[in-house]
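Participant: This is the structure I have questions about; it appears just below.
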Amino acid sequence: MQKKVTKAVIPAAGLGTRFLPETKALPKEMLPIVDTPTIQFIVEEAKKSGIKDIVIVIGKGKRSIEDHFDANPELEQNLEERHKTDMLETIRKTNDMNIYFIRQSHPRGLGDAIYTARSFISNEPFVVMLGDDVMQDKVPLTKQLMDSYQQTGASTLAVKKVAHRDISKYGVIDPSEEVRPGLFNVKKFVEKPSPEKAPSDLAIIGRYLLTPEIFGILEDAKPDASGEIQLTSAIDTLNRTQRVFAHEFKGARYDTGNKLSWLKTNIIFGLQHPEISTGLRAYLKDLGKQLTDEDAKKKK
(Lines give C-alpha, C1' and ligand atoms only; values in the text may rest on other atoms or scores of the structure.)
Protein backbone atom coordinates (compact mmCIF):
# COMPACT_ATOMS: atom_id res chain seq x y z
CA MET A 1 0.00 0.00 0.00
CA GLN A 2 1.43 3.35 -1.04
CA LYS A 3 1.68 6.33 1.29
CA LYS A 4 -1.32 8.57 0.98
CA VAL A 5 -0.64 11.92 -0.69
CA THR A 6 -1.88 14.71 1.57
CA LYS A 7 0.42 17.67 0.85
CA ALA A 8 0.75 20.15 -2.00
CA VAL A 9 3.28 22.80 -2.92
CA ILE A 10 2.12 25.86 -4.86
CA PRO A 11 5.05 27.97 -6.12
CA ALA A 12 4.08 31.65 -6.15
CA ALA A 13 7.38 33.48 -5.83
CA GLY A 14 7.93 34.51 -9.46
CA LEU A 15 8.27 38.14 -10.49
CA GLY A 16 5.39 38.06 -12.98
CA THR A 17 7.27 40.15 -15.55
CA ARG A 18 4.90 39.19 -18.38
CA PHE A 19 2.17 41.21 -16.67
CA LEU A 20 4.08 44.39 -15.87
CA PRO A 21 3.24 47.07 -14.91
CA GLU A 22 0.27 45.42 -13.13
CA THR A 23 2.50 42.99 -11.24
CA LYS A 24 4.85 45.64 -9.89
CA ALA A 25 2.65 45.74 -6.77
CA LEU A 26 0.10 42.95 -7.33
CA PRO A 27 1.19 39.29 -7.36
CA LYS A 28 0.49 37.60 -10.68
CA GLU A 29 -1.27 34.83 -8.78
CA MET A 30 -3.84 37.36 -7.53
CA LEU A 31 -4.90 38.44 -11.02
CA PRO A 32 -8.61 37.59 -11.23
CA ILE A 33 -10.47 35.27 -13.53
CA VAL A 34 -13.70 37.30 -13.54
CA ASP A 35 -13.99 37.76 -9.74
CA THR A 36 -11.73 35.04 -8.33
CA PRO A 37 -7.93 35.21 -7.96
CA THR A 38 -6.21 32.61 -10.11
CA ILE A 39 -4.49 31.02 -7.13
CA GLN A 40 -7.86 30.31 -5.49
CA PHE A 41 -8.77 27.99 -8.37
CA ILE A 42 -5.57 26.07 -7.66
CA VAL A 43 -6.29 25.81 -3.93
CA GLU A 44 -9.87 24.68 -4.60
CA GLU A 45 -8.59 21.95 -6.96
CA ALA A 46 -6.30 20.73 -4.18
CA LYS A 47 -9.20 20.68 -1.72
CA LYS A 48 -11.47 18.76 -4.11
CA SER A 49 -8.66 16.24 -4.64
CA GLY A 50 -8.36 15.44 -0.94
CA ILE A 51 -5.20 17.43 -0.16
CA LYS A 52 -5.08 18.33 3.55
CA ASP A 53 -2.08 20.67 3.80
CA ILE A 54 -0.82 23.25 1.31
CA VAL A 55 2.38 25.27 1.40
CA ILE A 56 2.55 28.31 -0.86
CA VAL A 57 6.08 29.44 -1.69
CA ILE A 58 6.07 33.22 -1.88
CA GLY A 59 8.62 35.98 -2.40
CA LYS A 60 8.90 39.69 -1.76
CA GLY A 61 5.71 41.66 -2.39
CA LYS A 62 3.38 38.66 -2.12
CA ARG A 63 1.73 39.53 1.20
CA SER A 64 -1.69 39.94 -0.43
CA ILE A 65 -1.75 36.17 -1.09
CA GLU A 66 -1.45 35.54 2.65
CA ASP A 67 -4.16 38.12 3.36
CA HIS A 68 -6.50 36.54 0.81
CA PHE A 69 -6.37 33.15 2.52
CA ASP A 70 -6.69 34.62 6.00
CA ALA A 71 -10.00 35.20 7.76
CA ASN A 72 -11.52 38.70 7.63
CA PRO A 73 -13.83 38.92 10.66
CA GLU A 74 -14.91 42.52 9.97
CA LEU A 75 -15.96 41.74 6.40
CA GLU A 76 -17.66 38.50 7.43
CA GLN A 77 -19.62 40.29 10.17
CA ASN A 78 -20.66 43.03 7.74
CA LEU A 79 -21.95 40.50 5.21
CA GLU A 80 -23.71 38.51 7.92
CA GLU A 81 -25.49 41.62 9.25
CA ARG A 82 -26.60 42.52 5.72
CA HIS A 83 -27.79 38.95 5.08
CA LYS A 84 -25.40 38.56 2.13
CA THR A 85 -25.30 34.80 2.63
CA ASP A 86 -23.94 33.87 -0.81
CA MET A 87 -21.06 36.34 -0.57
CA LEU A 88 -20.29 35.18 2.97
CA GLU A 89 -20.07 31.55 1.88
CA THR A 90 -17.85 32.55 -1.05
CA ILE A 91 -15.22 34.28 1.07
CA ARG A 92 -15.32 31.63 3.79
CA LYS A 93 -14.28 29.00 1.22
CA THR A 94 -10.73 30.31 1.54
CA ASN A 95 -10.62 29.97 5.34
CA ASP A 96 -11.08 26.24 5.96
CA MET A 97 -7.83 24.69 4.73
CA ASN A 98 -4.42 24.29 6.32
CA ILE A 99 -2.41 26.75 4.25
CA TYR A 100 1.17 27.62 5.15
CA PHE A 101 3.65 30.05 3.63
CA ILE A 102 7.39 29.78 2.99
CA ARG A 103 9.57 32.54 1.56
CA GLN A 104 11.94 31.96 -1.34
CA SER A 105 14.63 34.57 -0.72
CA HIS A 106 15.63 34.95 -4.38
CA PRO A 107 13.85 33.92 -7.61
CA ARG A 108 16.11 30.98 -8.55
CA GLY A 109 13.62 29.04 -10.61
CA LEU A 110 10.93 26.45 -10.08
CA GLY A 111 13.31 23.74 -8.86
CA ASP A 112 14.63 25.98 -6.10
CA ALA A 113 11.08 26.98 -5.09
CA ILE A 114 10.17 23.31 -4.66
CA TYR A 115 13.39 22.65 -2.72
CA THR A 116 12.45 25.47 -0.33
CA ALA A 117 9.47 23.36 0.82
CA ARG A 118 11.51 20.26 1.69
CA SER A 119 11.08 20.55 5.49
CA PHE A 120 7.32 20.91 5.11
CA ILE A 121 7.09 17.83 2.87
CA SER A 122 9.58 15.71 4.83
CA ASN A 123 9.75 12.13 3.52
CA GLU A 124 6.35 12.01 1.81
CA PRO A 125 5.09 12.00 -1.76
CA PHE A 126 3.52 15.35 -2.68
CA VAL A 127 1.95 17.28 -5.51
CA VAL A 128 3.19 20.46 -7.16
CA MET A 129 0.51 22.74 -8.59
CA LEU A 130 1.52 25.67 -10.78
CA GLY A 131 -0.72 28.72 -10.81
CA ASP A 132 -0.50 29.43 -14.55
CA ASP A 133 -2.78 26.53 -15.46
CA VAL A 134 -6.42 26.24 -14.41
CA MET A 135 -7.79 22.74 -15.05
CA GLN A 136 -11.37 21.51 -15.37
CA ASP A 137 -12.53 17.91 -15.49
CA LYS A 138 -15.09 15.66 -13.79
CA VAL A 139 -12.26 14.28 -11.66
CA PRO A 140 -9.75 17.03 -10.73
CA LEU A 141 -6.39 16.55 -12.44
CA THR A 142 -4.56 16.48 -9.12
CA LYS A 143 -6.85 13.65 -7.96
CA GLN A 144 -6.12 11.79 -11.21
CA LEU A 145 -2.39 11.94 -10.43
CA MET A 146 -2.99 10.84 -6.84
CA ASP A 147 -5.06 7.86 -8.01
CA SER A 148 -2.31 6.91 -10.45
CA TYR A 149 0.30 7.06 -7.67
CA GLN A 150 -1.75 4.70 -5.51
CA GLN A 151 -1.43 2.13 -8.29
CA THR A 152 2.19 2.71 -9.38
CA GLY A 153 3.99 4.23 -6.39
CA ALA A 154 5.90 6.36 -8.88
CA SER A 155 6.27 10.05 -9.64
CA THR A 156 3.79 11.13 -12.31
CA LEU A 157 3.57 14.31 -14.37
CA ALA A 158 0.52 15.68 -16.15
CA VAL A 159 0.97 16.20 -19.89
CA LYS A 160 -1.29 17.40 -22.67
CA LYS A 161 -0.90 17.65 -26.43
CA VAL A 162 -0.23 21.19 -27.59
CA ALA A 163 0.20 22.75 -31.02
CA HIS A 164 3.60 21.81 -32.42
CA ARG A 165 4.45 25.47 -33.12
CA ASP A 166 4.08 26.21 -29.37
CA ILE A 167 6.15 23.30 -28.09
CA SER A 168 9.23 25.43 -27.33
CA LYS A 169 7.29 27.10 -24.48
CA TYR A 170 7.10 23.87 -22.48
CA GLY A 171 8.93 21.02 -20.91
CA VAL A 172 8.26 18.01 -23.17
CA ILE A 173 8.36 14.25 -22.71
CA ASP A 174 10.00 11.68 -24.95
CA PRO A 175 7.55 8.81 -24.37
CA SER A 176 8.27 5.12 -24.77
CA GLU A 177 5.41 2.64 -24.41
CA GLU A 178 1.90 3.48 -23.21
CA VAL A 179 1.57 1.17 -20.20
CA ARG A 180 -2.19 1.74 -20.03
CA PRO A 181 -4.47 4.22 -21.80
CA GLY A 182 -3.15 7.70 -21.12
CA LEU A 183 -0.17 6.62 -18.96
CA PHE A 184 3.29 6.65 -20.53
CA ASN A 185 6.71 5.44 -19.59
CA VAL A 186 9.16 8.23 -20.35
CA LYS A 187 12.62 7.93 -21.87
CA LYS A 188 13.58 11.51 -21.06
CA PHE A 189 12.24 14.95 -20.21
CA VAL A 190 13.34 17.89 -22.33
CA GLU A 191 13.09 21.53 -21.25
CA LYS A 192 11.70 23.86 -23.97
CA PRO A 193 13.00 22.15 -27.13
CA SER A 194 12.78 23.81 -30.53
CA PRO A 195 9.89 22.45 -32.64
CA GLU A 196 12.29 20.62 -34.97
CA LYS A 197 13.99 18.85 -32.02
CA ALA A 198 10.92 18.15 -29.87
CA PRO A 199 10.53 14.39 -29.19
CA SER A 200 6.71 14.70 -28.99
CA ASP A 201 3.86 17.20 -28.69
CA LEU A 202 3.09 16.07 -25.14
CA ALA A 203 3.86 19.08 -22.96
CA ILE A 204 4.15 19.17 -19.16
CA ILE A 205 1.24 21.31 -17.96
CA GLY A 206 1.73 22.34 -14.39
CA ARG A 207 0.69 19.41 -12.18
CA TYR A 208 3.29 17.03 -10.77
CA LEU A 209 3.19 14.22 -8.24
CA LEU A 210 6.70 13.66 -6.95
CA THR A 211 8.40 11.29 -4.55
CA PRO A 212 10.64 12.89 -1.89
CA GLU A 213 13.80 11.63 -3.59
CA ILE A 214 13.52 14.70 -5.84
CA PHE A 215 14.89 16.85 -3.00
CA GLY A 216 18.28 15.12 -3.02
CA ILE A 217 18.55 15.78 -6.75
CA LEU A 218 17.51 19.43 -6.39
CA GLU A 219 20.06 19.90 -3.60
CA ASP A 220 22.89 18.92 -5.98
CA ALA A 221 21.44 20.61 -9.07
CA LYS A 222 23.47 23.29 -10.81
CA PRO A 223 21.81 26.49 -12.07
CA ASP A 224 21.31 26.82 -15.81
CA ALA A 225 22.59 29.71 -17.93
CA SER A 226 19.87 32.00 -16.56
CA GLY A 227 20.79 31.16 -12.96
CA GLU A 228 17.71 29.01 -12.33
CA ILE A 229 17.31 25.47 -11.01
CA GLN A 230 15.12 23.66 -13.54
CA LEU A 231 12.60 21.19 -12.14
CA THR A 232 12.29 19.41 -15.51
CA SER A 233 16.02 18.63 -15.49
CA ALA A 234 15.80 17.28 -11.93
CA ILE A 235 12.87 15.05 -12.89
CA ASP A 236 14.87 13.74 -15.86
CA THR A 237 17.65 12.81 -13.42
CA LEU A 238 15.12 11.14 -11.09
CA ASN A 239 13.86 9.10 -14.04
CA ARG A 240 17.26 7.42 -14.34
CA THR A 241 16.98 5.84 -10.90
CA GLN A 242 13.22 5.29 -10.50
CA ARG A 243 10.32 5.30 -12.92
CA VAL A 244 8.58 8.56 -13.68
CA PHE A 245 5.31 8.33 -15.59
CA ALA A 246 3.43 10.87 -17.68
CA HIS A 247 -0.36 11.04 -17.38
CA GLU A 248 -2.16 12.54 -20.38
CA PHE A 249 -4.86 14.99 -19.29
CA LYS A 250 -7.98 14.96 -21.45
CA GLY A 251 -9.91 17.71 -19.65
CA ALA A 252 -9.94 21.46 -20.27
CA ARG A 253 -6.81 23.50 -19.59
CA TYR A 254 -6.89 27.28 -19.34
CA ASP A 255 -3.55 29.04 -19.62
CA THR A 256 -3.21 32.27 -17.63
CA GLY A 257 0.53 32.68 -18.11
CA ASN A 258 0.46 35.60 -20.54
CA LYS A 259 -1.80 38.57 -21.24
CA LEU A 260 -3.61 37.17 -24.26
CA SER A 261 -4.29 33.72 -22.78
CA TRP A 262 -5.39 35.32 -19.50
CA LEU A 263 -7.87 37.55 -21.35
CA LYS A 264 -9.19 34.55 -23.31
CA THR A 265 -9.66 32.63 -20.05
CA ASN A 266 -11.59 35.56 -18.57
CA ILE A 267 -13.92 35.61 -21.56
CA ILE A 268 -14.58 31.85 -21.35
CA PHE A 269 -15.24 31.96 -17.60
CA GLY A 270 -17.28 35.13 -18.01
CA LEU A 271 -19.57 33.34 -20.45
CA GLN A 272 -20.11 30.68 -17.75
CA HIS A 273 -20.66 33.17 -14.90
CA PRO A 274 -24.32 33.44 -13.80
CA GLU A 275 -24.13 37.19 -13.08
CA ILE A 276 -22.57 38.40 -16.33
CA SER A 277 -22.90 35.66 -18.95
CA THR A 278 -25.99 37.12 -20.68
CA GLY A 279 -24.61 40.65 -20.86
CA LEU A 280 -21.15 39.51 -21.96
CA ARG A 281 -22.57 37.26 -24.68
CA ALA A 282 -24.66 40.16 -26.06
CA TYR A 283 -21.65 42.49 -25.95
CA LEU A 284 -19.42 40.02 -27.81
CA LYS A 285 -22.07 39.57 -30.52
CA ASP A 286 -22.37 43.35 -30.95
CA LEU A 287 -18.58 43.73 -30.97
CA GLY A 288 -18.21 40.96 -33.55
CA LYS A 289 -20.76 42.62 -35.82
CA GLN A 290 -19.06 46.00 -35.38
CA LEU A 291 -15.65 44.58 -36.28
CA THR A 292 -17.11 42.73 -39.29
CA ASP A 293 -18.69 45.97 -40.54
CA GLU A 294 -15.40 47.85 -40.06
CA ASP A 295 -13.48 45.18 -42.00
CA ALA A 296 -16.06 45.33 -44.81
CA LYS A 297 -15.67 49.12 -45.05
CA LYS A 298 -11.86 48.82 -45.25
CA LYS A 299 -12.16 46.42 -48.19
CA LYS A 300 -14.30 48.84 -50.22
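Participant: Test ILE205 against the stated conditions and say whether it is in contact with a Leu (Cβ under 9 Å, 6 or more places away or on another chain), within 28 Å of ASN123 (Cα to Cα), in a strand (DSSP E or B) and among the aliphatic types (A, V, I, L, M). Don't jump to the end; show me each part of the working.
Facilitator: Details: in contact with a Leu (Cβ under 9 Å, 6 or more places away or on another chain): yes; within 28 Å of ASN123 (Cα to Cα): yes; in a strand (DSSP E or B): yes; among the aliphatic types (A, V, I, L, M): yes.
Against the criterion (in contact with a Leu (Cβ under 9 Å, 6 or more places away or on another chain), within 28 Å of ASN123 (Cα to Cα), in a strand (DSSP E or B) and among the aliphatic types (A, V, I, L, M)), ILE205 qualifies.
Participant: Can you report the number of residues in segment 257-284 which are touching a residue at least 40 places away in the same chain (Cβ under 8 Å) and in contact with a Leu (Cβ under 7 Å, 6 or more places away or on another chain)? Step through it out loud before you land on a result.
Facilitator: Pass one, segment 257-284, residues touching a residue at least 40 places away in the same chain (Cβ under 8 Å): 257-259, 262, 265-266, 269-270, 273, 276.
Now restrict to residues that are in contact with a Leu (Cβ under 7 Å, 6 or more places away or on another chain): 262, 270.
The total comes to 2.
Participant: Turning to a different aspect of this structure: Tally the residues that are touching a helix residue (DSSP H, G or I) at 6+ places or on another chain (Cβ under 8 Å), at pLDDT 80 or above and within 18 Å of ILE42 (Cα to Cα), restricting the search to segment 63-99.
Facilitator: Here the count works out to 5.
Participant: So, of the residues in segment 143-170 that are closer than 26 Å to LEU260 by Cβ and touching a residue at least 60 places away in the same chain (Cβ under 8 Å), which turns out to be surrounded by the fewest Cβ atoms within 10 Å (Cβ to Cβ)? Break it down stepwise before answering.
Facilitator: Of segment 143-170, the ones closer than 26 Å to LEU260 by Cβ are 157-170.
Okay, now just the ones that are also touching a residue at least 60 places away in the same chain (Cβ under 8 Å), so 157-161.
Numbers: LEU157: 27, ALA158: 27, VAL159: 27, LYS160: 22, LYS161: 14.
So the residue we want is LYS161.
Participant: Still on this structure, please answer the following. Out of (1) touching a residue at least 60 places away in the same chain (Cβ under 8 Å); (2) outside the structural domain of ASP132 (by TED's automatic domain parsing), the odd one out for LEU210 is which?
Facilitator: Only one criterion is unmet by LEU210, namely (2).
Participant: Just give me the residues in segment 36-51 being touching a helix residue (DSSP H, G or I) at 6+ places or on another chain (Cβ under 9 Å) and either touching a residue at least 40 places away in the same chain (Cβ under 8 Å) or in a loop (DSSP other than H, G, I, E, B) (or both), in sequence order. Steps first, please.
Facilitator: If we filter segment 36-51 for residues that are touching a helix residue (DSSP H, G or I) at 6+ places or on another chain (Cβ under 9 Å), which is where we start, we get 36-40, 42, 45-46, 48-51.
Answer for segment 36-51, where residues must be touching a helix residue (DSSP H, G or I) at 6+ places or on another chain (Cβ under 9 Å) and either touching a residue at least 40 places away in the same chain (Cβ under 8 Å) or in a loop (DSSP other than H, G, I, E, B) (or both): THR38, ILE39, GLN40, ILE42, GLU45, ALA46, LYS48, SER49, GLY50, ILE51.
Participant: Here is a further query. Mind counting the residues in segment 31-68 that are over 22 Å from ARG118 (Cα atoms) and more than 17 Å from the chain's Cα centre (by Cα)?
Facilitator: Going through segment 31-68 one residue at a time, the tally reaches 6.
The values are calculated or read from the model by the stated rules, or taken from the named source; none is laboratory data. Everything numeric here is computed off the predicted structure, so don't read it as measured data. Positions of Cβ are backbone-derived with ideal geometry, glycine not excepted, and every protein chain shown enters the neighbour counts.
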